[in-house]
Each structure stands twice: as C-alpha cells, then as structure tokens.
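Data block below; observations after.
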Amino acid sequence: MVRLSKTAAFIQEAELYSARNYHPLPVVIARGEGVWAWDVDGKKYLDMLSAYSALNHGHRHPKVIGALIEQANTLTLTSRAFHNDKMGPWLKKLCQMAGYERALPMNTGAEGVETAIKAARKWGLLRKKVPENQGEIIVCANNFHGRTTTIISFSSEEQYRRGFGPYTPGFKIIPFGDARALQEAITENTAAFLVEPIQGEGGVVVPPEGYLREVRRITAEHNVLLILDEIQTGLGRTGRLFAYEYEDAKPDILILGKALGGGVYPVSAVLADDHIMSVFTPGDHGSTFGGNPLAAAVAMRALEVIEEERLAEKAAAVGKYFMEQLRKLNSAAVKEIRGKGLLIGVEIKEEYGPARTFCEKLMELGILCKETREQVIRFAPPLIITVDEIDWALERIRQVLL
C-alpha cells in the first residue's frame, strides 16, 4: 500500500468532498506568520498573493489577532436587531479616514458591490428621477466585481456567465480605460458608472494616466454616480490609501473589503455621503453579520495598523523597487510588467506557455503566487514585506523567468 505525503492526502480529501469551483496550486498551507507560510509537510514559502490582497497586514498580525481574541472573549454577534458598542466607533474611524459621511457594513466584497448597485439604483429613482425600473449602470469589459447572479450578469468573461442565466438587466458594458466610450454611453437613464481603478483579476490592467480624473469629470457633469470598487486596490495596496488618490478622483460611492478584515475575518463596507446613503430606510437592506462586534473590532485595529505602520507608503517604496528589478531581468518570456505599488502583473508571452506553469515552478522554489487571465503572474505580497525579502524572491523569480 502506497502511503501518501501529508500534502497529497489533504489534497485528495479536499478534491473528494469539495465542490470543484477552484483550481488551486498543489500546496496545503498549515501555518502563516508575516509574509511567510508553511505547508503541512513543513516547507516554507514566501506568500506573494496575500489572499488576493486580503492579507495586506501579513499573516496573523499580532495587533489584529489581539483585537480578535479580546473581542471574541467578550461579544461576537448581536445582529442588527440591537446596537453593539464596537460598530459605531469603527464606522466613525472608517468614514473619517476615507472622507465620507456614512458607511454601510457588510461581510464580503461581492456583498459590497451588490449594496452599491442597490444604492445607485434607488438614488437614480428618488434623486435623479429616472423612471422606475429603467435605471442603467455602466460597467467595463474585463471587469471582476464578484460572482453573484447580478454581478456575473454584467461580466464579459463567458465562463462566469455560462449556465447561470437568465441574467439581471440594466447594465451596459464599455471598454476599460476609454473615457470617450463612457461619455457616449451615458443617457438620461444612467444612474452610475461602476469601475475598478486597476483591473486586478482582469490581469492587473492599469488604465491610461488621467483616465480616472476624466471619468470623475464626466460623471459629475452628467449627474451620474461614480462607484469605485477598491476591494482589491484599496487600503494601501497600490501605494496610496486608495488608488483613486493618484488622480484626485474621489468617487461618490467607495466599496472596500478584503484587507479591511485584517486578514482574519470577512469585512466589507460601502461608503457614501448622506444624500446617497439616505435612500436606504429600515428594512431596505441588511445583513445578520454585517457590522457585528467581532468584525468591527478587527476592522478598527486593521485600520489603525495601516496608519501606524504606514503600509501605503511602504507599498509605494517597495513596490517601485520590486517592479524596477523585475524589468531589469529583461526576460524573453515576459511581454509586459505593469502595476502600482505592490499590485504587479507579469504578462507571459503566449509562445512560452501559460502563466500557471511559471507559478508552479515558483511554488517549487518557495514562492506562492497565482496566475490570472491565463498569461499573467500576479505578485501582490503583504505590504509589510521588506526589500531583503523582495531580493530573496527575485533570486528565485530570475531562475524561472530566465
């Protein structure tokens, strides 16, 4: 009888009982600390994916874990049927950091997007006087905002849609990075434009310089809400607290998630000023777990750590160094290197094979990353990573790319 390694045994069990809606790399993580992770067989890896930017703080940041444990020993859940003593202080902190009057707490990023869509549609009806059920929301091709039924209805990725119809109407798709296309798509029934500052899942696609600034001008001119999905790009990832700050394109509605939970708990939030958020009345929208005291305590500490440890500034400096060093490799296999801060995409030329092959080789050398859109390796390490750790990674990346 052949005895399986721990890794093989865990993978076999997961594949037997788990729905096959993911295709993970063949590694089984058992422990994490800072930028490092260890598998069940004891092998050490540098985490350069950060759970799709949910681990901006790194694995098990001691201050975030401390807040989690302290709150778990006191109160974990009340539902919104009652107030709790943690949600208000956290939302005040979040609103003051981001510069908005109100926030609506949810759990996952997809829930945040759904919340923003509902807010925009009702705002269109009540404030802009768009005829009922006629409101439109403009989105971009190659977007990724989640995988709920409504969200996949406006995806341009066929796999996300196939078999899940009928689709939710009311969305119009335009090219990403094309401000003129937005201008031409707006009608009197347009309530909002929903867009990512950088398309992360779409392949770390960075729009032309000035795009967000022009989008902000166009939407304001036509009384259309600008909704920015900063679930992946927000909270320091791109070298600013929010990616829109590069072009002073503050949106009407800001969606946050992932790193808001400090890497230990699902937390998301939608932020807007009162003239938008006031379209909600009791019973219009909600979540049993949204704004729960455990989530609020964790998110509060996560925000404090971002400020205290200047994670956005670190991402800007270390990300610039990392991208410069990647470009200096001059790899024949690389078509393009793009990104901002510590959200970096390395596009592999098709003749050199898919990006997954490169990710598997990097995994063997102790680096965890993941392909996106077939040809792009995404590097997005925790924002606490040091230059020395980047150099350690570069030695191994060089072996795989050259």
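Might you check whether a residue that is in a strand (DSSP E or B), among the basic types (Lys, Arg) and crowded, with 22+ Cβ neighbours inside 10 Å occurs anywhere in segment 357-371? Give the steps one after another, and end with the answer.
Step one: list which residues in segment 357-371 are in a strand (DSSP E or B), which gives 367-368, 370-371.
Still in the list and also among the basic types (Lys, Arg): 370.
If we keep only those that are crowded, with 22+ Cβ neighbours inside 10 Å as well, we get none.
No - not one qualifying residue is present in segment 357-371.
Conditions: (1) more than 23 Å from LYS118 (Cα to Cα); (2) over 21 Å from the mean Cα position of the chain (by Cα). VAL205 meets all but one. Number of the miss?
(2)
Report whether or not ALA72 is surrounded by fewer than 17 Cβ atoms within 10 Å (Cβ to Cβ) and under 30 Å from GLY146 (Cβ atoms). Break it down stepwise before answering.
Working: surrounded by fewer than 17 Cβ atoms within 10 Å (Cβ to Cβ): yes; under 30 Å from GLY146 (Cβ atoms): yes.
Yes; evaluated as a whole, the condition is true for this residue.
Can you tell me how many residues within segment 117-132 are surrounded by fewer than 15 Cβ atoms within 10 Å (Cβ to Cβ) and either in contact with a Ser or Thr (Cβ under 9 Å, 6 or more places away or on another chain) or closer than 16 Å to ASP273 by Cα (or both)?
1
Just checking, which of PHE164, PHE193, PHE171 is assigned by TED's automatic domain parsing to the domain that holds VAL139 and without any contact (Cβ under 8 Å) to a residue 24 or more places away in the chain? Let's see the steps before the verdict.
Values: PHE193 fails: without any contact (Cβ under 8 Å) to a residue 24 or more places away in the chain; PHE171 fails: without any contact (Cβ under 8 Å) to a residue 24 or more places away in the chain.
One residue alone meets the criteria, PHE164.
Out of the residues in segment 36-69 that are farther than 20 Å from GLU304 by Cβ and among the aliphatic types (A, V, I, L, M), which is surrounded by the most Cβ atoms within 10 Å (Cβ to Cβ)? Even if it seems obvious, please write down each step before you answer.
Within segment 36-69, the first condition is being farther than 20 Å from GLU304 by Cβ, and the residues that meet it are 36-49, 51-52.
The next check asks that each one be among the aliphatic types (A, V, I, L, M); those that pass are 37, 40, 46, 48-49, 51.
Working: ALA37: 21, VAL40: 17, LEU46: 22, MET48: 26, LEU49: 20, ALA51: 16.
Within segment 36-69, the match that is surrounded by the most Cβ atoms within 10 Å (Cβ to Cβ) is MET48.
Kindly evaluate VAL270 against the criterion of being out of contact with any His (no Cβ under 7 Å at 6 or more places or on another chain) and among the β-branched types (Val, Ile, Thr). Before the answer, list the steps.
Details: out of contact with any His (no Cβ under 7 Å at 6 or more places or on another chain): yes; among the β-branched types (Val, Ile, Thr): yes.
It is true that VAL270 is out of contact with any His (no Cβ under 7 Å at 6 or more places or on another chain) and among the β-branched types (Val, Ile, Thr).
In segment 88-116, how many are loosely packed, with under 13 Cβ neighbours inside 10 Å, in contact (Cβ under 8 Å) with a residue 40 or more places away in the chain and assigned to a helix (DSSP H, G or I)?
Going through segment 88-116, the residues loosely packed, with under 13 Cβ neighbours inside 10 Å turn out to be 88-89, 92, 96, 99.
Now drop any that are not in contact (Cβ under 8 Å) with a residue 40 or more places away in the chain, which leaves 89, 99.
Keeping just the survivors that are assigned to a helix (DSSP H, G or I) gives 89.
Summing the residues that are loosely packed, with under 13 Cβ neighbours inside 10 Å, in contact (Cβ under 8 Å) with a residue 40 or more places away in the chain and assigned to a helix (DSSP H, G or I) in segment 88-116 gives 1.
When segment 205-235 is examined, which residues are found to be in a helix (DSSP H, G or I) and either touching a residue at least 24 places away in the same chain (Cβ under 8 Å) or surrounded by 24 or more Cβ atoms within 10 Å (Cβ to Cβ) (or both)? Outline the logic, then answer.
If we filter segment 205-235 for residues that are in a helix (DSSP H, G or I), which is where we start, we get 211-221.
Within segment 205-235, TYR211, LEU212, ARG213, GLU214, VAL215, ARG216, ILE218, THR219 qualify.
Identify all residues within segment 258-283 that are under 13 Å from ASP229 (Cα atoms) and not aliphatic (A, V, I, L, M); write none if there are none.
Result: LYS258, SER268.
I'd like to verify a number: residues in segment 60-87 that are over 16 Å from ASN292 (Cβ atoms) and in a loop (DSSP other than H, G, I, E, B), how many?
Matching residues across segment 60-87 total 2.
Touching a helix residue (DSSP H, G or I) at 6+ places or on another chain (Cβ under 8 Å), touching a residue at least 40 places away in the same chain (Cβ under 8 Å) and surrounded by fewer than 19 Cβ atoms within 10 Å (Cβ to Cβ), is that true of GLU307? Show your work before the answer.
Details: touching a helix residue (DSSP H, G or I) at 6+ places or on another chain (Cβ under 8 Å): yes; touching a residue at least 40 places away in the same chain (Cβ under 8 Å): yes; surrounded by fewer than 19 Cβ atoms within 10 Å (Cβ to Cβ): yes.
Criteria met by GLU307.
Please work out which residue is nearest to SER50 (Cα to Cα), limiting yourself to segment 321-370 and to residues that are basic (Lys, Arg) and either free of Cβ contacts under 8 Å to residues at least 12 places away in the same chain or not assigned by TED's automatic domain parsing to the domain that holds ASP41 (or both).
As a first pass, look at segment 321-370 and keep what is basic (Lys, Arg): 327-328, 335, 338, 340, 349, 356, 361, 370.
From what is left, the residues that are either free of Cβ contacts under 8 Å to residues at least 12 places away in the same chain or not assigned by TED's automatic domain parsing to the domain that holds ASP41 (or both) are 327-328.
Details: ARG327: 22, LYS328: 24 Å.
By that ranking, first place goes to ARG327.
When you go through ALA296, ALA317 one by one, which is the residue that is surrounded by 17 or more Cβ atoms within 10 Å (Cβ to Cβ) and either within 21 Å of the chain's Cα centre (by Cα) or on the phi > 0 side of the Ramachandran plot (or both)? Don't jump to the end; show me each part of the working.
Numbers: ALA317 fails: surrounded by 17 or more Cβ atoms within 10 Å (Cβ to Cβ).
Of ALA296, ALA317, the one residue that is surrounded by 17 or more Cβ atoms within 10 Å (Cβ to Cβ) and either within 21 Å of the chain's Cα centre (by Cα) or on the phi > 0 side of the Ramachandran plot (or both) is ALA296.
Count, please, the residues in segment 174-190 that happen to be out of contact with any Asp or Glu (no Cβ under 8 Å at 6 or more places or on another chain), within 13 Å of ILE218 (Cα to Cα) and in contact (Cβ under 8 Å) with a residue 40 or more places away in the chain.
Adding up the residues that qualify gives 3.
The values are calculated or read from the model by the stated rules, or taken from the named source; none is laboratory data. What you are looking at is a predicted structure, and each value in this text was computed from that prediction instead of being measured. Virtual Cβ from ideal backbone geometry, glycine too; neighbours counted across all protein chains shown.
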